Amino acid sequence: MFRLLKKMPLFRLLAVGQTALLARRHLRRLEPGDRQRLLELVRKGRRMRPGERDELRRILAKLGPGEFAYATANAFSPVKLPRR
């Protein structure tokens with residue numbers, strides 16, 4: 001794994017790090033119980049029942065996916081994006 005990181009250009013490393021920090025900020029919005037349940041549901045993958053899929057959608061909606069996409073795009077854009 002470290003060999004891959006040594007060969008990766010600095011800009012990509014910074015982009016990965018900045019995206020990880022943005023994701024962390026959004027994950028901290030969840031309560032600890034929701035974070036644990038999200039981890040359990042993601043580990044199940046395709047074996048989830050329909051009720052569990054609805055629960056996953058509900059938890060993911062709390063993360064603010066639109067805001068995350070905007071923040072990520074704004075972080076890498078050469079000009080600031082207009083607020084929605």
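The values are calculated or read from the model by the stated rules, or taken from the named source; none is laboratory data. Everything numeric here is computed off the predicted structure, so don't read it as measured data. Neighbour counts run over all protein chains shown; Cβ positions are idealised from the backbone, glycine included. Accessible surface areas use protein heavy atoms only, side chains included; no ligands, DNA or RNA. Shrake-Rupley method; radii C 1.70, N 1.55, O 1.52, S 1.80 Å.
Numerical summary
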quantity: For the chain: relative contact order, % (alpha-carbon pairs under 8 angstrom, 6 or more apart); calculated: 35 percent
quantity: Length added when fully stretched, Lys62-Leu13, from 0.36 nm per residue minus Cα-Cα; calculated: 14.8 nm
quantity: Rounded FRET efficiency, nearest 0.05, which uses the C-beta distance separating Arg35 from Asn74 and R0 of 22 Å; calculated: 0.30
quantity: Sequence of Asp54, Asp34 from largest to smallest accessible area, 1.4 Å probe; calculated: Asp54, Asp34
quantity: Solvent-accessible area per residue, Å², over the chain with all protein chains present [probe radius 1.4 Å]; calculated: 85 Å²
quantity: The chain shape via C-alpha gyration tensor axes, a/c threshold 1.5; calculated: oblate
quantity: Area of Glu55 that stays accessible when all protein chains are in place (1.4 Å probe, Å², to 10); calculated: 50 Å²
quantity: Per-residue SASA entry for Lys44, accessible area with 1.4 Å probe, Å² rounded to 10; calculated: 70 Å²
quantity: Candidate lysines - alpha carbon under 25 Å from Lys7, same-chain residues fewer than 8 apart omitted; calculated: none
